[in-house]
C-alpha cells in the first residue's frame, strides 16, 4: 500500500486549505440561518467540490457513504430541502428523469443542455438568448422576473457520450 508522503510545510498548507474551506462552508450556513451540523457541512462541501454540478440526493448519500460518513438518506433529503428553502441550492427536475437534482445557487444565471441518451448536463450562458427572451416578453406586455431554459438533445459524438462510459 502506497502512503502519501507530505513534509511539514505541505501538511500545514493542506490543513490550512481544508480549514479555510470548512470556515467558508460554516459562514454560508450561518448566513442562511442554519446551524453548522456535520451532515450540513459534509453535504455543502460535497456540492461545492463535486465536478458534477447537478447531484441527486441518492448520489450525495452514496458518495458520503463511500467516504464512511454516517449520514442517512432521510437526512440528506432533509438538509437539501433546508438548503433549498434558504436559497443555497436550486432543485431541478429535468424532463424524462423523475429524480430531482440539486446544484449550488451561485447566483449566476445559466441555462442547460441535456443529453436524452446519457443524462449529461451542460451549463451555458448566451446573451443573445437572454436578450431575445426579454424582447419577446416585452412584445407581449410582460416583464420577466426569472426563467428556466432546458434544451434537450443528444451528445453529438456517440463515442464520447457518457452513456457509453457508465
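Is it true that some residue in the stretch 120-134 is touching a helix residue (DSSP H, G or I) at 6+ places or on another chain (Cβ under 8 Å), in a loop (DSSP other than H, G, I, E, B) and not assigned by TED's automatic domain parsing to the domain that holds residue 28?
Scanning the stretch 120-134, I find at least one residue that is touching a helix residue (DSSP H, G or I) at 6+ places or on another chain (Cβ under 8 Å), in a loop (DSSP other than H, G, I, E, B) and not assigned by TED's automatic domain parsing to the domain that holds residue 28, so the answer is yes.
Quick one: in the stretch 100-134, of everything that is touching a residue at least 24 places away in the same chain (Cβ under 8 Å) and over 21 Å from residue 50 (Cα atoms), which residue is surrounded by the most Cβ atoms within 10 Å (Cβ to Cβ)?
116
Going by the conditions given, is residue 58 over 20 Å from residue 27 (Cα atoms), in a helix (DSSP H, G or I) and in contact with a helix residue (DSSP H, G or I) (Cβ under 8 Å, 6 or more places away or on another chain)?
It is true that residue 58 is over 20 Å from residue 27 (Cα atoms), in a helix (DSSP H, G or I) and in contact with a helix residue (DSSP H, G or I) (Cβ under 8 Å, 6 or more places away or on another chain).
Do you know which of the residues in the stretch 153-166 that are at pLDDT 85 or above and surrounded by 13 or more Cβ atoms within 10 Å (Cβ to Cβ) is farthest from residue 93 (Cα to Cα)?
Once the filter is applied, the top-ranked residue is 155.
Being without any contact (Cβ under 8 Å) to a residue 40 or more places away in the chain, part of a helix (DSSP H, G or I) and buried (at least 17 other Cβ atoms within 10 Å of the Cβ) is the filter here; which residues of the stretch 64-99 pass it?
Listed by number, the residues that qualify are 64, 75, 76, 80.
Can you tell me which of (1) outside any helix (DSSP H, G or I); (2) under 14 Å from the mean Cα position of the chain (by Cα); (3) surrounded by 14 or more Cβ atoms within 10 Å (Cβ to Cβ) is the one residue 45 doesn't meet?
Going through the list (1) outside any helix (DSSP H, G or I); (2) under 14 Å from the mean Cα position of the chain (by Cα); (3) surrounded by 14 or more Cβ atoms within 10 Å (Cβ to Cβ), residue 45 breaks only (1).
Residues 108, 145: which one is under 14 Å from the mean Cα position of the chain (by Cα) and assigned to a loop (DSSP other than H, G, I, E, B)?
Unique residue meeting the criteria: 108.
State whether the residues of the stretch 121-129 include one that is over 23 Å from residue 95 (Cβ atoms) and out of contact with any strand residue (DSSP E or B) (no Cβ under 6 Å at 6 or more places or on another chain).
yes
Test each condition in (1) farther than 16 Å from residue 57 by Cβ; (2) part of a helix (DSSP H, G or I) for residue 113 and report the one that comes out false.
(2)
For the stretch 141-152, does any single residue satisfy the condition of being under 29 Å from residue 42 (Cα atoms) and loosely packed, with under 13 Cβ neighbours inside 10 Å?
The answer is yes, given that some residue of the stretch 141-152 is under 29 Å from residue 42 (Cα atoms) and loosely packed, with under 13 Cβ neighbours inside 10 Å.
The values are calculated or read from the model by the stated rules, or taken from the named source; none is laboratory data. Remember, it's a predicted structure, so these values are computed and weren't measured experimentally. With ideal geometry, Cβ positions are generated from the backbone for all residues, glycine too; neighbour counts draw on all protein chains shown.
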